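Novice: Let me begin by handing over the structure; questions about it come next.
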Amino acid sequence: MEKTTSITTSATPRNPRTLAEYMMRYLEFCEVERNLSQTTIKMYHFYLTDLTDWMHSYLQRSELVLTDIDTELIRKYRLDLNRRISTKSHQAFKRSTQHTFLVAVRAFLKYLIVEEKVPVLPPEQITLGKADPRVPRVLDDDQMKVLFDVQNLNKRSGLRDRAMLEVLFSTGLRVSELCSLNVDSINLDTGEFAVIGKGRKVRVVYLSPSAIDWLGRYLSTRKDAFTPLFLRYSGKRMTVDDELGESLRLTPRSVERLVKGYALRAGIAVDATPHTLRHTFATGLLREGADLRSVQELLGHSNVATTQIYTHVTNRQLKDVHKRFHRDLAT
């Protein structure tokens, strides 16, 4: 009788034990189960890596485990964040920046409790403290007009940039959302289209007549069949065998440089960015009487509290009361 050899494998996978292993499982969970964008996952990885790098230095240990994260360690980490100097601004981290690091840690701990069923520091024990007040920078009507008048319309890049600025201001898109648009995303007949924002949430945005006009002019210069809506016309050569033109897609960083450059050329004394146009879009709607929930929907905010920052610069009732008060005193 022929002898057979059986190979037995364990049906239960080995539980991860190190902090690094749990972190990797969490990032995979964000990608597969939560369907988060690669950009968001990259940022989560950045924040959590910052924590572990700091822990290696603070604990003087090469291997980290979950039980290392306790209230005292978090207190020391918060202290470190509060004392850090930004390499970009050369100033101390803003409270909102510190919060972003801590929110990522809390999300990780919540995953460990809910999904991995492991006892760790409860995320609610990581308090964020009071955030610095944020007042969004916006452009007034005169600044917007001059910003839209400094493109060289004799060049196809000038037509592209004017169309790009019009779309940003008309829709309030984030710069990443703008750059991800494709030619077939836009419906110039209806003046509306769907966009996938943060958290893969889909929302509908609307083009102004001016944005429709300038997009039409820009697209009339396009003799290609490439997919991206906004193409770059300078820089490194197109990737070989890139039939869709993805290597020519304008990047968020490029758009940021363009907006800053046009603001300087226009003589605007504001550090303008694509997000400045998003702020201007939102405050303009509220000043014209739009309700907060509608603006929240148009911006793609998950929480209406995020949208409420714009109410600080759009409360026309307070302005009217102030005017009446001073007019009454003068009479």
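The values are calculated or read from the model by the stated rules, or taken from the named source; none is laboratory data. Keep in mind that this is a model prediction, so the values were computed, not measured. All Cβ positions, even for glycine, are placed from backbone atoms using ideal geometry, and neighbour counts span all protein chains on display.
Novice: Are any residues in segment 203-260 touching an Asp or Glu at 6+ places or on another chain (Cβ under 6 Å) and not aliphatic (A, V, I, L, M), and if so, which ones?
Specialist: Y206, S210, W214
Novice: Right, next: Could you list, ordered by first residue, the pairs with Cβ atoms under 6 Å in which the first is in segment 234-257 and in contact (Cβ under 8 Å) with a residue 24 or more places away in the chain and the second is assigned to a loop (DSSP other than H, G, I, E, B), at least 6 apart or interchain?
Specialist: Every condition considered, the pairs that remain are L250/F230; L250/R232; E256/T273.
Novice: Within segment 84-140, can you find the residues that are assigned to a helix (DSSP H, G or I), among the β-branched types (V, I, T) and modelled with pLDDT of 90 or more?
Specialist: Filtering segment 84-140 down to residues assigned to a helix (DSSP H, G or I) leaves 95-114, 123-125.
Then drop every residue that is not among the β-branched types (V, I, T), which leaves 97, 100, 103, 105, 113-114.
Once the filter is applied, which keeps residues that are assigned to a helix (DSSP H, G or I), among the β-branched types (V, I, T) and modelled with pLDDT of 90 or more, segment 84-140 yields T100, V103, V105, I113, V114.
Novice: Looking only at segment 312-320, decide whether some residue is assigned by TED's automatic domain parsing to the domain that holds V202, under 24 Å from V202 (Cβ atoms) and modelled with pLDDT under 85.
Specialist: The answer is no; no qualifying residue exists.
Novice: Show the residue pairs meeting these rules: Cβ distance below 9 Å; 6+ apart or different chains; first residue within segment 27-38 and farther than 11 Å from G199 by Cβ and in a loop (DSSP other than H, G, I, E, B); second residue modelled with pLDDT of 90 or more and among the acidic types (D, E).
Specialist: E33/E115
Novice: OK, next. Checking S210 against (1) surrounded by fewer than 19 Cβ atoms within 10 Å (Cβ to Cβ); (2) out of contact with any helix residue (DSSP H, G or I) (no Cβ under 6 Å at 6 or more places or on another chain); (3) within 21 Å of T280 (Cα to Cα), which test does it fail?
Specialist: Evaluating S210 over (1) surrounded by fewer than 19 Cβ atoms within 10 Å (Cβ to Cβ); (2) out of contact with any helix residue (DSSP H, G or I) (no Cβ under 6 Å at 6 or more places or on another chain); (3) within 21 Å of T280 (Cα to Cα) leaves (2) as the failure.
Novice: Okay, moving on. Determine whether S57 is more than 18 Å from Y111 (Cβ to Cβ) and either touching a His at 6+ places or on another chain (Cβ under 7 Å) or small (G, A, S) (or both).
Specialist: Values: more than 18 Å from Y111 (Cβ to Cβ): yes; either touching a His at 6+ places or on another chain (Cβ under 7 Å) or small (G, A, S) (or both): yes.
So S57 passes the test.
Novice: Kindly indicate the residue of segment 162-194 that is among the hydrophobic types (A, V, I, L, M, F, W, C) and surrounded by fewer than 20 Cβ atoms within 10 Å (Cβ to Cβ) and also nearest to P209 (Cα to Cα) among those meeting that condition. Before the answer, list the steps.
Specialist: Residues of segment 162-194 among the hydrophobic types (A, V, I, L, M, F, W, C): 163-165, 167-169, 173, 175, 178-179, 181, 183, 186, 188, 193-194.
Cutting the leftovers down to surrounded by fewer than 20 Cβ atoms within 10 Å (Cβ to Cβ) gives us 183, 188, 193-194.
Numbers: V183: 18, L188: 9, F193: 14, A194: 17 Å.
Ranking the qualifying residues of segment 162-194, first place goes to L188.
Novice: Right, here's the next one. When you check L219 against the structure, is it among the hydrophobic types (A, V, I, L, M, F, W, C), surrounded by fewer than 17 Cβ atoms within 10 Å (Cβ to Cβ) and part of a helix (DSSP H, G or I), yes or no? Lay out the reasoning, then the answer.
Specialist: Numbers: among the hydrophobic types (A, V, I, L, M, F, W, C): yes; surrounded by fewer than 17 Cβ atoms within 10 Å (Cβ to Cβ): yes; part of a helix (DSSP H, G or I): yes.
In short, yes.
Novice: Sticking with this one: Give the residues of segment 277-310 that are closer than 14 Å to L173 by Cα and surrounded by fewer than 17 Cβ atoms within 10 Å (Cβ to Cβ), sorted by residue number.
Specialist: E297
Novice: For segment 213-220, does any single residue satisfy the condition of being at pLDDT 95 or above and in contact with a Ser or Thr (Cβ under 9 Å, 6 or more places away or on another chain)?
Specialist: Checking segment 213-220: not a single residue is at pLDDT 95 or above and in contact with a Ser or Thr (Cβ under 9 Å, 6 or more places away or on another chain).
Novice: Every residue in segment 216-257 that is of a type in the set (S, T, Y) and either touching a helix residue (DSSP H, G or I) at 6+ places or on another chain (Cβ under 7 Å) or closer than 18 Å to V175 by Cα (or both), please.
Specialist: Pass one, segment 216-257, residues of a type in the set (S, T, Y): 218, 220-221, 227, 233-234, 239, 247, 251, 254.
Y218, T221, T227, Y233, T239, S247, T251, S254, listed by residue number.
Novice: Scan segment 259-267 and give yes if some residue there is in the same structural domain as L159 (by TED's automatic domain parsing), surrounded by fewer than 16 Cβ atoms within 10 Å (Cβ to Cβ) and within 20 Å of L207 (Cα to Cα), otherwise no.
Specialist: no
Novice: Moving to a separate point now. Could you please give the count of residues in segment 176-225 that are under 28 Å from R293 (Cα atoms), over 23 Å from the mean Cα position of the chain (by Cα) and without any contact (Cβ under 8 Å) to a residue 24 or more places away in the chain?
Specialist: The total comes to 5.
Novice: Of all residues being part of a helix (DSSP H, G or I) and basic (K, R) in segment 141-187, which is nearest to V259 (Cα to Cα)? Just the residue, please. It would help to see each step written out before you state the result.
Specialist: Residues of segment 141-187 part of a helix (DSSP H, G or I): 141-147, 156-171, 175-179, 183-185.
Pick out the ones that are also basic (K, R) and you get 145, 156, 160, 162.
Working: K145: 14, R156: 16, R160: 12, R162: 10 Å.
Out of the qualifying residues, it is R162.
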